[in-house]
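Every read-out reported here was derived from the displayed coordinates using simple, explicitly stated rules and does not represent laboratory data. Bear in mind the structure is a predicted one, so any value in this text is a computation, not a measurement. In this analysis, Cβ positions are derived from the backbone assuming ideal geometry, glycine residues included, and neighbour counts consider all displayed protein chains.
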Amino acid sequence: MSRLTVWDADTNAQILVTEDPERIAAELKAIGVRFERWPLAPLPADADAEAILAAYRPHLDAFLASTGAGTADVIKLTPDHPQKDAMRAKFLSEHTHTEDEVRFFHSGAGNFVLHVDGKVFDAHCVAGDLISVPANSRHWFDAGENPSFAVVRVFTDTSGWTPHYTGTDMAARFPAATA
């Protein structure tokens with residue numbers, strides 16, 4: 001189930017925990033983050049990237065038209081992937097991107113954790129969730145020690161995905177609630 005947990009970044013006091021998708025969307029919208037629930041396509045677990053993209057094409061076309069983003073692809077990560085630890089480590093520290101980071105979870109789960117205006121917002125996304133983190137937002141991502149997901153990535157220019165690390169210890173102070 002989707003979940004949003006919010007903390008005060010200075011005191012580490014928990015401010016909010018909700019699993020209500022409408023409340024999650026409203027709380028994230030207040031900090032410029034887009035959160036939506038899309039209906040899941042009835043695909044087999046081993047569906048390939050082309051099948052996933054085709055199944056979500058109507059939603060993707062509407063999203064691309066509304067945002068001006070150019071294209072989409074699919075990335076899958078499983079616990080047995082030989083590079084899973086290196087891939088996970090790359091995004092565990094607080095960083096920014098020069099382009100919006102948009103993900104739609106076809107399967108699995110992961111946490112986008114944002115540091116905004118003295119608060120930390122941990123958005124636990126699951127299958128059916130779309131999240132769009134605005135460019136230059138301080139955040140980190142974690143899908144846990146045994147990541148398992150298939151996500152549609154939306155982008156205009158993949159070079160915008162290069163992480164620019166902030167050098168803070170925020171991600172260590174607020175590890176994602178991946179369970």
* Asked: Over all directions, what mean area does the Cα convex hull of region 101-179 project, stated in square nanometres?
  -> 5.4 nm²
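Which shape class applies to region 1-97: rounded if a/c is under 1.5, otherwise prolate when a/b exceeds b/c and oblate if not, where a ≥ b ≥ c are the square roots of the Cα gyration tensor eigenvalues?
Details: a/c = 1.83, a/b = 1.30, b/c = 1.40.
Oblate shape, in that a/c is at least 1.5 and b/c is the bigger or equal ratio.
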* Asked: Which whole-number percent is the relative contact order of region 3-167 (Cα, under 8 Å, 6+ apart)?
  -> 30 percent
* Structure fact -> If one builds a Gaussian network model of the chain from Cα atoms under 10 Å apart, the most fluctuating residue listed among Asp73, Asp142, Asp129 is Asp73
* Structure fact -> Once the in-chain neighbours fewer than 8 apart are removed, the aspartates and glutamates whose Cα is under 19 Å from Lys76 read Asp46, Asp48, Glu50, Asp85, Glu101, Asp129, Asp142, Glu145
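Nearest 500 deg cm²/dmol is fine: what mean residue ellipticity at 222 nm does the chain get from its DSSP H runs of n ≥ 4 alone, each adding -39,500 (n - 2.57), divided by its residue count? Working shown, then result.
Numbers: 5 runs with 38 residues, N = 179.
Calculated mean residue ellipticity at 222 nm is -5500 deg cm²/dmol.
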* GNM result for the chain, Cα springs below 10 Å: residue of Ala135, Ala45, Ala127 fluctuating most strongly -> Ala45
* **Overall Cα dimensions of the chain, principal axis frame, Å, largest first** => 46, 36, 30
* Asked: Using alpha carbons only, how many degrees (0 to 90, rounded to 10) separate the axis of helix 57-67 from the longest principal axis of the chain?
  -> 50 degrees
* Asked: Using a Förster distance of 35 Å, how high is the FRET efficiency between Asp80 and Ala51, based on the Cβ-Cβ distance and rounded to 0.05?
  -> 0.95
* To do: Excluding residues on the same chain fewer than 8 positions from Lys119, give the lysines whose Cα lies under 20 Å from its Cα.
  => Lys29
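Evaluate E = 1/(1 + (r/R0)^6) for Ala65 and Leu40, where r is the Cβ-Cβ distance and R0 equals 25 Å; express this FRET efficiency to the nearest 0.05. Each step should come with its number before you reach the end.
Numbers: r = 22 Å, r/R0 = 0.87.
Working from the Cβ atoms, E equals 0.70.
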* To do: Counting other Cβ atoms within 10 Å, keep those with at most 10, restrict to DSSP loop, and tell me which GluC sites (Glu not before Pro) in region 75-179 are left.
  => Glu145
* Structure fact -> Within the set Ser66, Ser107, Ser132, GNM on the chain using Cα springs under 10 Å gives the largest fluctuation to Ser66
* Stick to Cα atoms and the Kirkwood definition of Rh, then tell me Rg/Rh for region 63-125. => 0.98
* **Where labels lie 7 Å past Cα in the beta-carbon direction, separation of Asn136 and Glu22 in nm** => 3.4 nm
* Asked: Within the chain, what percent of beta bridges assigned by DSSP are antiparallel, to the nearest 5?
  -> 100 percent
